[in-house]
Amino acid sequence: TFVIWGGLHGLFLAAERLLGMAQVNSSALTLRQKALRGLLTFHLVCLAWVFFRAPNLSHALETTLRILTLAPGEGIPLTPLWCLLILLAGQASKVRPTAHQLLLQHPVLSRWAAYGSLALLLMVLSLSRASEFIYFQF
């Protein structure tokens, strides 16, 4: 799985070079193009990390297939999603609790980044099982 993980990263870099994306000056790109590139990079790297973290190849392939087909698999804790929905409902209804006033003074993109970070933090902290240090596998 580690060889496949490294191979995927090499494949992504080769594809970037073959498509000529590496030579494009980033200052010539629009904000939208930069955001799309960032999202693509993030998702490709996360997909490759499945192989790094999986205990064996069959588990990695099964997980990847579930991701790509949106098939059900191991569940994620729903508490962070409820918290995010409550924050978004407050935003949509223009209810501005005192704790939110400082955050609401920032641009929408900053607020969404904060909400997403909060949801991610809650998901990580709400995992019920402890995982071993990943480099013990080596």
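The values are calculated or read from the model by the stated rules, or taken from the named source; none is laboratory data. These numbers come from a predicted model, not from an experiment. We place every Cβ from the backbone using ideal geometry, glycine too, and count neighbours over all the protein chains shown. Accessible surface is based on the protein model in full, side chains and every heavy atom, while ligands, DNA and RNA are left aside. Shrake-Rupley method; radii C 1.70, N 1.55, O 1.52, S 1.80 Å.
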Got a sec? Charge dipole of region 1-92, +1 on Cβ for Lys and Arg, -1 for Asp and Glu; which of Val24, Val3, Trp49 is way out at the positive end? Val24
Can you pull the one-decimal nm distance between simple spin-label points at Cys46 and Leu81, each 7 Å off the Cα toward Cβ? 1.4
FRET efficiency, 1/(1 + (r/R0)^6) with R0 30 Å, evaluated for Leu65 and Ser26 via beta carbons: 0.30
Cα→Cβ-extended label distance, 7 Å offset, between Leu109 and Leu121, nm: 2.2
Keeping every protein chain in place, order Leu81, Leu125, Leu29 by accessible area at 1.4 Å, biggest value first, i.e. largest first. Leu125, Leu81, Leu29
